[in-house]
Amino acid sequence: MATQRSKFGYGLAAGLLLVLRTGSAAGLEPIALPPPQTEGGRPLMQALKERKSTREFAPGQLSRQQLGDLLWAAFGINRADGHRTAPSAMNAQEIDVYVATDGGLFLYQAGEHRLQPVMEGDFRPKIGGQPYVKEAPVNLLFVADFARMTKAKPADKDFYSGANTGYISQNVYLYCASEGLGTVVYNLADRTALAAAMKLRPDQKPVLGQAVGRPRKL
């Protein structure tokens, strides 16, 4: 089953890229993602055994199915009541997952399971300065929205958002291990400049970046 999923994904590898490169951010339509494939892949214990950080990525894009599965695994909705694949303190669900490719920056909307365009152009160099940031076809950017943390004490918001981002990033690691993809988390280059470039509110805080792609065969 995992092999069939892999072949399906790589067969559509160019599809998502072509969609993301079309038009300006103002004129782009939201991109519907296919329903997640929740069967197949490596067993959990094997994925844990193979979980690792990858800092060298092969050329080529993820398919739309792979990206949809990745985002659902990261922080998608897995229950009818709107709860998610990763926990959040007091169910604040304050972490937004942005997707940066060489074609643009997008916001993952879990309720609709779709990508909402934010801006056109290659945003990856603004996220991190590490060579693999621009090498990886997909970079996830986790942003905390403190306005949603209405039950948390102000002094605890940084802690909660950091912990909650960690749960999400580990989901990404496990999905990538299950599907034979590579990933690595990294610190952000300049949070203040990044927030300004994204036009975030003062109570929205960039937390962490995570590169995803096919590992380079050495």
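Odds and ends about this structure:
- Single residue of R214, R191 found to be charged (D, E, K, R), farther than 24 Å from G76 by Cα and in contact with a Pro (Cβ under 9 Å, 6 or more places away or on another chain): R191
- Among the conditions (1) within 25 Å of Q61 (Cα to Cα); (2) exposed (fewer than 13 other Cβ atoms within 10 Å of the Cβ), the only one that P154 does not satisfy is (1).
- Matching option when the condition is surrounded by 14 or more Cβ atoms within 10 Å (Cβ to Cβ), within 18 Å of the chain's Cα centre (by Cα), over 30 Å from M149 (Cα atoms) and modelled with pLDDT of 95 or more, among Q65, Q93: Q65
- Answer from V184, V138 - the residue that is out of contact with any His (no Cβ under 7 Å at 6 or more places or on another chain) and more than 26 Å from E29 (Cβ to Cβ): V184
- Checking the stretch 193-200 against the condition returns no match, with no residue being crowded, with 17+ Cβ neighbours inside 10 Å, hydrophobic (A, V, I, L, M, F, W, C) and part of a strand (DSSP E or B).
- Elements of type helices (runs of 4 or more DSSP H) in the stretch 1-58, at least 3 residues being at pLDDT below 95: 2-11, 13-20
- Lone unmet requirement of (1) touching a helix residue (DSSP H, G or I) at 6+ places or on another chain (Cβ under 9 Å); (2) surrounded by fewer than 22 Cβ atoms within 10 Å (Cβ to Cβ); (3) part of a strand (DSSP E or B) for P87: (3)
- Of all residues making up the stretch 157-185, the number that are part of a helix (DSSP H, G or I), more than 15 Å from T85 (Cβ to Cβ) and either touching a strand residue (DSSP E or B) at 6+ places or on another chain (Cβ under 8 Å) or without any contact (Cβ under 8 Å) to a residue 60 or more places away in the chain (or both): 5
- Residues that are basic (K, R), free of Cβ contacts under 8 Å to residues at least 60 places away in the same chain and farther than 20 Å from G162 by Cα, drawn from the stretch 55-100: R64, R79
The values are calculated or read from the model by the stated rules, or taken from the named source; none is laboratory data. Just so we're clear, the structure is a prediction, and the values are computed from it rather than from any experiment. Please note: Cβ atoms are built from the backbone with ideal geometry, for glycine as well, and neighbour counts cover all protein chains shown.
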